[in-house]
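Report on one structure; see the data block that follows.
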Amino acid sequence: MQSVACCTTDHAEHFVKQWIAEGKAFVCPRQNPQSNTMQLGLAFVDNGIKHRAFLQARFQDVLRSEEPHELVDCLGMFGEKEAMVLRLLIEELKAASFPLYVFGSVAWEKISGKPYRTDKSDLDLLCDVTTIQELRFVTNAFAAADRELPFSIDGELRFPKDHCVNWREVVAALEHHDELEVLVKGETGVAMSSLDSLLEASYA
């Protein structure tokens, strides 16, 4: 660990060291390709307040790397009715070979075993897509589940080159995908692009 940064509390380094000692996972945000170290993220709760810390680590200090948790492994964290809606969403996408990942507050609760969600928390999902047909299928499934849940579904659709777009922006763009651009999060930054350009780039 090279350094720790957090703008909301002076206790961040203590929580980061404790997190490392317990062998828990950090998130890996998009990186600066020119850096000799990598940035990792941690959300932690101190006295009922959620904070976000970032640390710089050497590449050789990272012991393992994994995909985000799948939503199916987190269903026990929801109420019965919520879990039923989410299970139907999972089964619908699984039948079409779409794995469904979770990040945000639910992921942090899964990792830490401590409460992170509030009454205003969304459910952050991640799903991989490659074609316009897949975009329509996944966004329709998200929208149907979103209407049945007491909280909002947020999250991103991930294209093959690790280009991520908020699913609600995709819904709007699908109606005008030849002309309406979306905000794309890439490995090293953000940019605006049309859905057609993203899909073409997937096969380049």
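The values are calculated or read from the model by the stated rules, or taken from the named source; none is laboratory data. Here the structure is a predicted model, which means the values were calculated and not measured. Here the Cβ is made from the backbone with ideal geometry for all residues, glycine too, and neighbour counts use every protein chain on show.
So is residue 81 in the same structural domain as residue 195 (by TED's automatic domain parsing), more than 17 Å from the chain's Cα centre (by Cα) and without any contact (Cβ under 8 Å) to a residue 40 or more places away in the chain or not?
yes
Could you please find all residues in segment 162-183 being under 15 Å from residue 126 (Cβ atoms) and touching a residue at least 24 places away in the same chain (Cβ under 8 Å)?
Correct list: 162, 163, 164, 165, 167, 170.
Looking only at segment 15-63, count how many residues are more than 21 Å from residue 189 (Cβ to Cβ) and free of Cβ contacts under 8 Å to residues at least 24 places away in the same chain.
The total comes to 10.
I want to confirm something. Restricting to segment 65-96 and keeping residues that are among the small types (Gly, Ala, Ser) and under 15 Å from residue 141 (Cβ atoms), which single residue is surrounded by the most Cβ atoms within 10 Å (Cβ to Cβ)?
96
Can you tell me which residue in segment 98-110 is nearest to residue 155 (Cα to Cα), limited to those that are out of contact with any Phe, Trp or Tyr (no Cβ under 9 Å at 6 or more places or on another chain) and either charged (D, E, K, R) or modelled with pLDDT under 95 (or both)?
Filtering first and then ranking leaves 103.
Of the residues 126, 149, only one is touching a Pro at 6+ places or on another chain (Cβ under 7 Å), in contact (Cβ under 8 Å) with a residue 24 or more places away in the chain and surrounded by 13 or more Cβ atoms within 10 Å (Cβ to Cβ); which?
Among 126, 149, only 126 is touching a Pro at 6+ places or on another chain (Cβ under 7 Å), in contact (Cβ under 8 Å) with a residue 24 or more places away in the chain and surrounded by 13 or more Cβ atoms within 10 Å (Cβ to Cβ).
Are any residues in segment 129-143 touching a residue at least 12 places away in the same chain (Cβ under 8 Å) and out of contact with any Ser or Thr (no Cβ under 6 Å at 6 or more places or on another chain), and if so, which ones?
Scanning segment 129-143 gives 129, 131, 132, 134, 135, 136, 137, 138, 139, 141, 142, 143.
If you scan segment 1-27, which residues turn out to be closer than 20 Å to residue 69 by Cα and either surrounded by 13 or more Cβ atoms within 10 Å (Cβ to Cβ) or among the basic types (Lys, Arg) (or both)?
Within segment 1-27, 19, 20, 24, 25, 26, 27 qualify.
Determine if segment 142-164 includes at least one residue that is under 17 Å from the mean Cα position of the chain (by Cα), over 30 Å from residue 16 (Cα atoms) and at pLDDT below 90.
yes
Could you check segment 1-72 for strands (runs of 3 or more DSSP E) lying wholly inside it with 2 or more residues that are within 23 Å of the chain's Cα centre (by Cα) and of a type outside the set (A, V, I, L, M)?
38-46, 49-57
Sort out which residues of segment 32-55 are surrounded by 18 or more Cβ atoms within 10 Å (Cβ to Cβ) and closer than 11 Å to residue 6 by Cβ, and write them in order of number.
42, 43, 44, 53, 54, 55
Quick check, is residue 110 more than 12 Å from residue 69 (Cβ to Cβ) and either among the acidic types (Asp, Glu) or out of contact with any Leu (no Cβ under 6 Å at 6 or more places or on another chain) (or both)?
The answer is no for residue 110.
Go through segment 40-95 residue by residue and tally those that are at pLDDT below 85, on the phi < 0 side of the Ramachandran plot and polar (S, T, N, Q).
The qualifying residues number 2.
Just the residues that are out of contact with any Lys or Arg (no Cβ under 9 Å at 6 or more places or on another chain) and either more than 15 Å from residue 199 (Cα to Cα) or surrounded by 19 or more Cβ atoms within 10 Å (Cβ to Cβ) (or both), please, taken from segment 156-165.
157, 159
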